[in-house]
Every structure is written in structure tokens, then in C-alpha cells.
Amino acid sequence: MSEAQAFDIDERTEAPRHGDEVAVLRGMLAYQRDTLRWKCAGLTQQQLAMTLPPSDLTLGGLMKHLALVESQWFDHWFRDAGYAPPFDTMDWDTDWDIESARYDSPIELRELFDQAVRRSDAVVDDALGRGGLDTESALASPRTGETFTLRWILAHLIEEYARHNGHADLIRQSVDGQTG
């Protein structure tokens, strides 16, 4: 059995209640990322692979999916640098990120997630230094033909995490009764 992920809830980032737009957006995103880390902490590989029927979502699958989302928005759309491994070779016709997570250990999932977050944070740091929140993505939306601003991407990621953290709340309670 592999070692569980660790996360101390007392170490969770709190978003600033006052500050400039960058501080608030980054703080809210960090809070949402830490919430996912908390929801996945202390569980075995088997527990991270448990579903709450009728959904096929798992906590491990959510962690791997959100690592993909980080790469999708910051590596692919924003930088046009492709996807980071292992997402660069995934089958886009399946829910590979969700399904394959059951074979990953808790530590592997956490490291994949943390690497994606570190990469994304470095991209944000660079973009803020170059043009701030109005910095535009290298790629445009195939639907609208418009680029995405860094501001929009950060707000979108906060929404994406918040939605999936709601799923994580329900799944975690079904796994071991933990709420909060």
C-alpha cells in the first residue's frame, strides 16, 4: 500500500480580504487548490479511487483532472507550449485523466498536481511581469476567435476548482465521513 498524501488544514492558504486584483485572484485560486489537497489528504489509493454512484468521479480522478486543467490553460492555451506529460499523449476521446487515476498512488497524484500548479504559477509570474492581467493568450478560442486574458483564465480556474471542490466534498464524505 502506498503512502497517503498529507495536508494540514491549518496550512491552507486564505485568500486576502483586501488587496489588489492580482492578490485576490491568486489568493482565491491558491485557496481552491489547497481545498482540493485537503479533500484528498490521508486517503489510500483505494479510497482515492472510490466513486459516489451514479457518478464515475473519484477524488484521485479530480486531482488528475485538475492537473490537466492547469496544463490545458497555462501550457496549451496561454503559452502554446503543448501539454505537459502525461497529458501530451492522452486519448482525448476518453476520460483518461479521470479513469487512469485509479492506477496512480496518492503520492504520484499529488506530485503530478503540485508540478502542474508550480508550472502554472511560473507562467502567471512571467505574464504579470510582462503585461499584467491583460496579457493575452497565445492561442485563440476556436469558437469565438478571441484570445483569453490572464485575468479571465485565473477567474475561470477559480470557478473550475470551486465546482469540482463541491464534488470532492460529496465524494470525501462518502469515503470516510469527513466533512468541512
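Comparison of Asp97, Asp75 shows that the only residue that is open to solvent by less than 60 Å² (accessible area, probe 1.4 Å), in contact with a His (Cβ under 7 Å, 6 or more places away or on another chain), more than 24 Å from Asp8 (Cα to Cα) and assigned to a helix (DSSP H, G or I) is Asp97.
Of all residues in segment 143-171, those that are surrounded by 14 or more Cβ atoms within 10 Å (Cβ to Cβ), closer than 28 Å to Leu59 by Cα and without any contact (Cβ under 8 Å) to a residue 24 or more places away in the chain total 1.
Within segment 122-142, restricting attention to residues that are part of a helix (DSSP H, G or I) and free of Cβ contacts under 8 Å to residues at least 40 places away in the same chain, which residue is farthest from Leu25 (Cα to Cα)? Steps first, please.
Within segment 122-142, the first condition is being part of a helix (DSSP H, G or I), and the residues that meet it are 122-130, 132-134.
Filter again for free of Cβ contacts under 8 Å to residues at least 40 places away in the same chain, leaving 122, 125-126, 129-130, 134.
On the way: Ala122: 15, Asp125: 13, Asp126: 16, Gly129: 16, Arg130: 18, Asp134: 13 Å.
So, considering only residues that are part of a helix (DSSP H, G or I) and free of Cβ contacts under 8 Å to residues at least 40 places away in the same chain, the one farthest from Leu25 (Cα to Cα) is Arg130.
Within segment 65-106, being small (Gly, Ala, Ser) and either free of Cβ contacts under 8 Å to residues at least 24 places away in the same chain or touching a strand residue (DSSP E or B) at 6+ places or on another chain (Cβ under 7 Å) (or both) holds for Ala81, Gly82. State which residue is modelled with the highest pLDDT when the search covers only segment 78-94 and only residues that are closer than 24 Å to Met50 by Cβ and part of a loop (DSSP other than H, G, I, E, B). So, considering only residues that are closer than 24 Å to Met50 by Cβ and part of a loop (DSSP other than H, G, I, E, B), the one modelled with the highest pLDDT is Pro86. Among the residues of segment 1-42, the ones that are over 25 Å from Lys64 (Cβ atoms) and in a loop (DSSP other than H, G, I, E, B) come to 6 in all.
Residues checked against (1) in contact (Cβ under 8 Å) with a residue 12 or more places away in the chain; (2) over 22 Å from Thr149 (Cα atoms); (3) charged (D, E, K, R):
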site: Arg12; (1), (2), (3): yes, yes, yes
site: Gly19; (1), (2), (3): no, no, no
site: Arg33; (1), (2), (3): yes, no, yes
site: Ala49; (1), (2), (3): yes, yes, no
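Report yes if some residue within segment 3-17 is among the charged types (D, E, K, R) and crowded, with 17+ Cβ neighbours inside 10 Å; otherwise report no. It would help to see each step written out before you state the result.
Step one: list which residues in segment 3-17 are among the charged types (D, E, K, R), which gives 3, 8, 10-12, 14, 17.
Filter once more, keeping what is crowded, with 17+ Cβ neighbours inside 10 Å: none.
Looking for residues that are among the charged types (D, E, K, R) and crowded, with 17+ Cβ neighbours inside 10 Å, one finds none in segment 3-17, hence no.
Count, please, the residues in segment 100-109 that happen to be open to solvent by 90 Å² or more (accessible area, probe 1.4 Å) and closer than 16 Å to Asp56 by Cα.
Filtering segment 100-109 for residues open to solvent by 90 Å² or more (accessible area, probe 1.4 Å) gives 102-103, 108.
If we keep only those that are closer than 16 Å to Asp56 by Cα as well, we get 102-103.
The qualifying residues number 2.
The values are calculated or read from the model by the stated rules, or taken from the named source; none is laboratory data. The model shown is predicted, which means the values in this text are computed figures rather than measured ones. Because the Cβ atoms are built from the backbone with ideal geometry, glycine has one as well, and the counts that use them run over all protein chains shown. Accessible surface is based on the protein model in full, side chains and every heavy atom, while ligands, DNA and RNA are left aside. Shrake-Rupley method; radii C 1.70, N 1.55, O 1.52, S 1.80 Å.
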